[in-house]
Amino acid sequence: QVQLVESGGGVVQAGDSLRLSCAASGGTFSRYGMGWFRQAPGKEREFVARVDGRTYYGDSVKGRFTISRDNAKNTVYLQMNSLKPEDTAVYYCAADSSYFSISFGSKAAYEHWGQGTQVTVSS
């Protein structure tokens, strides 16, 4: 059973940067497609980014966020630059046992989820 623990959330001002980390345990990390989602109050959980052999981004974060992974540390990162108030949400890390997936933007593609970390961007 894969366990995921996010960290790095906080309160920042618009235009600031923040880096989220997600530490994985209990599985062969390098075999998983890893993703980030976010959920704002009253909204659906939204795809943010995914990394497998390639990287994919949601339209709202393209050019501002960068996903990366360190297989030696069993960790996936989300570097968030030029943050906006609309980026405020709980950010979730997720693992997909299918390394490549055409459904990479769908919550249903991911079997394992972290508990989430709050990111608040003030204007």
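The values are calculated or read from the model by the stated rules, or taken from the named source; none is laboratory data. Quick caveat: nothing in here was measured; it's all calculated off a predicted structure. All Cβ positions, glycine included, derive from the backbone under ideal geometry; neighbour counts span all protein chains shown. Heavy atoms of the whole protein, side chains included, go into the accessibility calculation; ligands, DNA and RNA do not. Shrake-Rupley method; radii C 1.70, N 1.55, O 1.52, S 1.80 Å.
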> How large is ³J(HN,Hα) for each residue in region 11-19, as worked out from phi by the Karplus curve 6.51 cos²θ - 1.76 cosθ + 1.60 (θ = phi - 60°), to whole Hz, x for Gly and Pro?
Replying inline: 10, 9, 9, 4, x, 6, 10, 8, 10
> Extension gain T55-F100, at 0.36 nm per residue separation less the Cα-Cα distance, in nm?
Replying inline: 15.1 nm
> What percent does the relative contact order of region 41-119 come to when contacts are Cα pairs within less than 8 Å and at least six residues apart?
Replying inline: 27 percent
> Between R64 and R31, what length in nm is gained on full extension when 0.36 nm per residue of separation is reduced by their alpha carbon distance?
Replying inline: 9.2 nm
> Which percent, nearest 5, of DSSP beta bridges in the chain are antiparallel?
Replying inline: 90 percent
> Out of every Cα pair in region 25-123, what percent are spaced more than 19 Å from each other?
Replying inline: 37 percent
>> Place a point 7 Å from Cα of S122 in the direction of its Cβ. Which residues in region 1-35 have their backbone N less than 11 Å from it?
In response: 11-14
> How many percent of the accessible area of the chain is carbon or sulfur, using a 1.4 Å probe?
Replying inline: 47 percent
> Once you charge only the Cβ atoms, +1 for Lys and Arg and -1 for Asp and Glu, what is the size of the charge dipole of region 31-113 about its Cα centre, to the nearest 20 debye?
Replying inline: 120 debye
> Hey, what's the chain come to in accessible area per residue, 1.4 Å probe, Å²?
Replying inline: 50 Å²
